[in-house]
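A short write-up of the structure that comes next.
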Ligand code: GLV
Ligand code: MN
Ligand code: MN
């Protein structure tokens, strides 16, 4: 069965890139628990059912499709990725991995085949963290690494996670953690994703085996000064937190750059309060995202950044508070599964290429629960988190064949183990 699945996976991502599956008019923004999110879930549930799966929404509002295996009690293979997007993002970062999972099952279903294990497709909810001030809550819930205290939060409009959740599933925060899967109930986790970087394109390759994912840290920073009249407050009397934050943003860039390592640090959100042309702001909120393949390097740079921010605040007579809202260690992919992926690449006539992921993925959380594998797919210019994101259907078809080869090999491995 080769040919159409890759193109259909791309076409489905395109179909989900517009209203009513987007929360913005001219582009794609699909945030966790919004009307666009639930509309997309309904559409995808139909595709799951057409591929022979039973679909349901779990307590964290993930959409899950299950295709039974020949042994219903055997640990399942989970194939997952995320349904949410960044604001004005691309169509493939996240959904493509879900669509490819559905295509894998559709191909097996069309042949009337069952693997020794069930296959479950997870469409995760908030990998990007673009609505609430936390990210990957839903895969953390599934991995069982979340605490209920981490769920007390609201979006920029003041809607709490509890309110948003109950409007979608009727359930609340108290049930959220019941989305957790039992350790031992999952054979492996597989995630296919666009590379979001230029390596595969530069090497002329359609796909590659991921070796691991860089460690992430995110902070929410508030700087407070003194709000005042823009026309009457002399410059020397000001305590302007936005001017202070500007110096801080430059410090973040300088310190990360000066480390001359793989550390990257980004200020992606900044907001001045109250936000008027004739008012010196009274407070500024901004985020900092710091990553590296090595936790120690990431932490060392993050500490240097926070120390410098305090110095800037002190020199300008500003108050600063910093909250760590996200902290994920580096997550290596499983060595045996990487070998299976390499074999599947060879089986699909592709050269073997291994590469690391600077972007975060739900696989980071699933790694706590089970061995994980990831497959990267070439994307044009390495561009992502941008509406210009583009992937070729031919490359996605190759990814599908590699995933099917991987599933086949995983099935043989499980069969051999059961026979032994
Ligand atoms: C998700 O795209 C992330 O890496 O932040
Ligand atoms: Mn992303
Ligand atoms: Mn993604």
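Just so you know, all these numbers are worked out from the coordinates, no wet-lab data involved. Just so you know, these numbers come straight off a predicted model, no measurement behind them. Glycine also receives a Cβ, built like all others from the backbone with ideal geometry; neighbour counts cover every protein chain displayed.
Tabulated data
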read-out: Region 339-420: C-alpha gyration tensor shape, a/c 1.5 cut-off, then a/b vs b/c; value: oblate
read-out: Label-to-label distance, nm, for residues given as residue 303 and residue 25 (7 Å Cα→Cβ offset); value: 5.0
read-out: Extension gain, residue 419 back to residue 234 (0.36 nm per residue minus Cα-Cα distance, nm); value: 58.4 nm
read-out: Two-site label geometry, residue 269 and residue 71: point separation in nm, points 7 Å out along Cα→Cβ; value: 4.5
read-out: Between 0 and 90°, nearest 10: helix 5-15 axis offset from the chain longest Cα axis; value: 30
read-out: Rounded tilt (10° steps) of 241-258 against the dominant C-alpha axis of the chain; value: 50
read-out: GNM flexibility winner over the chain from 363, 230, 344 (Cα, springs under 10 Å); value: 230
read-out: Relative contact order %, the chain, counting alpha carbon pairs below 8 Å whose residues are six or more apart; value: 21
read-out: Pair residue 322, residue 383: separation of 7 Å Cα→Cβ label points (nm); value: 3.4
read-out: Helix axis angle, 393-419 relative to the chain longest principal axis, alpha carbon, degrees; value: 60
read-out: Rg ratio (alpha-carbon, reference 2.2 N^0.38 Å) - region 217-328; value: 1.12
read-out: Kirkwood Rh and Cα Rg combined as Rg/Rh, the chain; value: 1.01
read-out: Computed [θ] at 222 nm, deg cm²/dmol, the chain (DSSP H ≥ 4; -39,500 (n - 2.57); rounded to nearest 500); value: -11500 deg cm²/dmol
read-out: Among 353, 239, 291: highest mean-square fluctuation, GNM of the chain, C-alpha pairs under 10 Å; value: 239
read-out: Choice from 365, 260, 62 showing the highest fluctuation, given a GNM over the chain with Cα pairs closer than 10 Å; value: 260
read-out: Relative contact order of region 217-328, pairs being alpha-carbon contacts under 8 Å that are 6 or more residues apart, as %; value: 44
